[in-house]
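Asker: Pasting in a structure now, in structure tokens, and then I'll have a few things to ask.
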Amino acid sequence: MKDDSASYYDSREFTELLASYENMLEDGSSVYFDSMDIANIAEYYSINGELDKSDTAIEYGLRLHPSDSDILISKANNLLRRGLKDEARVLTESITDPDNQELLYLKGEIELAFDRPQEADAYFTHAVQLSDNDPGMLNDIIVKYMDNRNFELCQKWLDMALVLSPDSRNFIELQADLYFDTGQSDSAIEWYNHLLDEFAYDTYYWDQLARLYYEKNEFAKSRECFEFIEAIDPTDKSARMMKASCIFNMDDWQGAYDIYSSLLQDDPASYTLLYYCARCLYEMERLEDAYDKFLDTLAMLMLDKDATAEMYVELYYYLADTALKTGRKDMAQRFLADGLSLGPDDEDLNKLYKMIYTD
């Protein structure tokens, strides 16, 4: 899910406020700020991952406005973001402001952190009622449930949001994303297509749609989506890579090889690209060329400490098979042994074992 939400933090008003605060810190002076302004500065730093700067703003704000609810809520937010959920709960319980919608929302977040979604929902419901069904708060609740994989509650709030704002691009997108995340492919495809009817140049929607078709093994449709992304953004190498994968799965070995080779020129250190070049050559029965590239892939793979056993097993199979087909039986036996040592139950390797040792 992408984040397109424009906010107060992008406004000229906030930019000037932040500059005034940072200038104060730089020159060591003391300037008065409204409590809400300090809370907003603290939240800005927090959502940008600068929790230490946020804490500094909070402590300055509390010197100006001791026990202010908004600043204390920011402090509790920071505790929760650091994983200190018990401390965050204690602090929120000390704040006496029963009709503060931000406090109620934070209490809901804390309950979710304790894996108590129903209790969280009660706080969220109260917060939204006080906000007069504010679309921003509805969005935050939906995203929070989606991030926490509470899909049933996520759908409940989306149903409400779409009744209140049936033409909202944001809520339509969230519904499409929810269908995507819950494996409801056909519904997700329908909703992303609906979005593309109006926002045809949004590559996020094309990418989501492409991946849905890919998962359904509808590679021609998936390729078409990735081609739209390329047309919109010719620099998108990820789309080009996925397009090659679609073509590869459609058994167009030459077409896939042409793309993989081109990408490899720009990223010669990628053993993944090198491996797929070798696979294409193997399928086209250009076995000598394939063998050389499989060997190069192995050399590069050995430099990656995070390479998995599964990656080695697959590569050893193709090395052994290609070596056998090019008359290198001794090498085929060596690669086969290496593969079986890592994957003794691998079906392809065991079939190859029977071929080699029943001659």
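The values are calculated or read from the model by the stated rules, or taken from the named source; none is laboratory data. Computed from a prediction, not measured in an experiment: that's the story for all the values here. Note: ideal-geometry Cβ built from the backbone for every residue, glycine included; neighbour counts use all protein chains shown. These accessible areas exclude ligands, DNA and RNA; they are computed on the full protein's heavy atoms, side chains included. Shrake-Rupley method; radii C 1.70, N 1.55, O 1.52, S 1.80 Å.
Asker: Pairing the Cα long axis of helix 329-342 with the longest principal axis of the chain, what angle in degrees results, from 0 to 90 and rounded to the nearest 10?
Answerer: Once rounded, one gets 30 degrees.
Asker: Could you derive backbone 3J(HN,Hα) for the stretch 265-280 from the dihedral phi with the Karplus parameters 6.51, -1.76 and 1.60 (θ = phi - 60°), listing whole Hz in sequence and x where the residue is Gly or Pro?
Answerer: 4, 7, 9, x, 8, 8, 6, 5, 5, 5, 4, 6, 4, 5, 4, 5
Asker: How tilted is helix 237-249 with respect to the longest principal axis of the chain? Cα atoms for both, answer in degrees (0 to 90, nearest 10).
Answerer: It works out to around 40 degrees.
Asker: What does the charge dipole of the chain about its Cα centre add up to, to the nearest 20 debye, if the Cβ of each Lys and Arg holds +1 and the Cβ of each Asp and Glu holds -1?
Answerer: Numbers: 32 positive and 74 negative charges, 254 e Å.
Result for the chain is approximately 1220 debye, rounded to the nearest 20.
Asker: On average, how much accessible surface per residue is there in the stretch 110-257, in Å², for a 1.4 Å probe, leaving out ligands, DNA and RNA?
Answerer: Details: 7310 Å² over 148 residues.
Dividing the accessible area of the stretch 110-257 by its residue count gives 49 Å².
Asker: Going down the list 329/351; 243/354; 53/107; 237/325; 305/329; 216/354, which pairs span over 26 Å between their C-alpha atoms? Display every interim value, and only then the final one.
Answerer: Working: 329/351 15 Å; 243/354 36 Å; 53/107 23 Å; 237/325 34 Å; 305/329 29 Å; 216/354 34 Å.
With Cα atoms farther than 26 Å apart: 243/354; 237/325; 305/329; 216/354.
Asker: List the GluC sites (Glu not before Pro) within the stretch 1-81 that DSSP assigns to loop and that have no more than 15 neighbouring Cβ atoms inside 10 Å. Could the numbers behind the result be given before it?
Answerer: Working: sites: 13, 16, 22, 26, 43, 50, 59; in loops: 50.
Hits after loop and neighbour filter: 50.
Asker: Starting from the stretch 1-108, pick out the trypsin sites (Lys or Arg not before Pro) whose DSSP state is loop and whose Cβ has at most 16 other Cβ atoms within 10 Å.
Answerer: Working: sites: 2, 12, 53, 63, 75, 81, 82, 85, 89, 107; in loops: 2, 82.
Those that pass, being in a loop and sparsely packed, are 2, 82.
Asker: Rounded to the nearest 0.05, what FRET efficiency do residue 82 and residue 258 have when you use their Cβ-Cβ distance and R0 = 30 Å?
Answerer: On the way: r = 50 Å, r/R0 = 1.66.
That pair, residue 82 with residue 258, gives E of 0.05.
Asker: For the chain, find the longest principal axis of its Cα atoms and tell me its angle to the long axis of helix 51-64, 0 to 90°, nearest 10.
Answerer: Long axis of 51-64 versus the principal axis of the chain: about 0 degrees.
Asker: If I histogram all Cα-Cα distances within the chain using bins 20 Å wide from 0, what percent of pairs lands in each bin?
Answerer: Once binned at 20 Å, the Cα pair distances of the chain give 22, 38, 31, 9, 0.
Asker: Expressed as a rounded percentage, what relative contact order does the stretch 42-104 have, with Cα pairs under 8 Å and six or more residues apart? The partial results should precede the final answer.
Answerer: Working: 49 pairs, mean separation 15.5, N = 63.
With pairs under 8 Å counted, the relative contact order is 25 percent.
Asker: Taking θ as phi - 60°, what are the ³J(HN,Hα) couplings along the stretch 224-230 by the Karplus curve (6.51, -1.76, 1.60), each to the nearest whole Hz, with x for Gly and Pro?
Answerer: 4, 5, 5, 5, 5, 4, 4
Asker: Right, next: How high is the relative contact order of the chain, in percent, with contacts defined as C-alpha pairs under 8 Å that are six or more residues apart?
Answerer: Dividing the mean separation by the residue count of the chain yields 6 percent.
Asker: Follow-up question, since we're still on this one. List the GluC sites (Glu not before Pro) within the stretch 66-142 that fall in a DSSP loop (any state other than H, G, I, E or B) and whose Cβ has at most 13 other Cβ atoms within 10 Å. Write down the numbers at each step before the final one.
Answerer: Working: sites: 87, 93, 102, 109, 111, 119; in loops: none.
Of the GluC sites (Glu not before Pro), not one in the loops of the stretch 66-142 has a Cβ with at most 13 other Cβ atoms within 10 Å.
Asker: Tell me the net charge near residue 280. Cut-off is 13 Å between Cβ atoms, residue 280 excluded, with +1 for each Lys or Arg and -1 for each Asp or Glu.
Answerer: Numbers: positive: 279, 286, 293; negative: 251, 252, 258, 283, 285, 289.
It works out to a net charge of -3.
Asker: Something else about it: What is the stretch 1-99's relative contact order, in percent, from Cα pairs under 8 angstrom and six or more apart in sequence?
Answerer: 19
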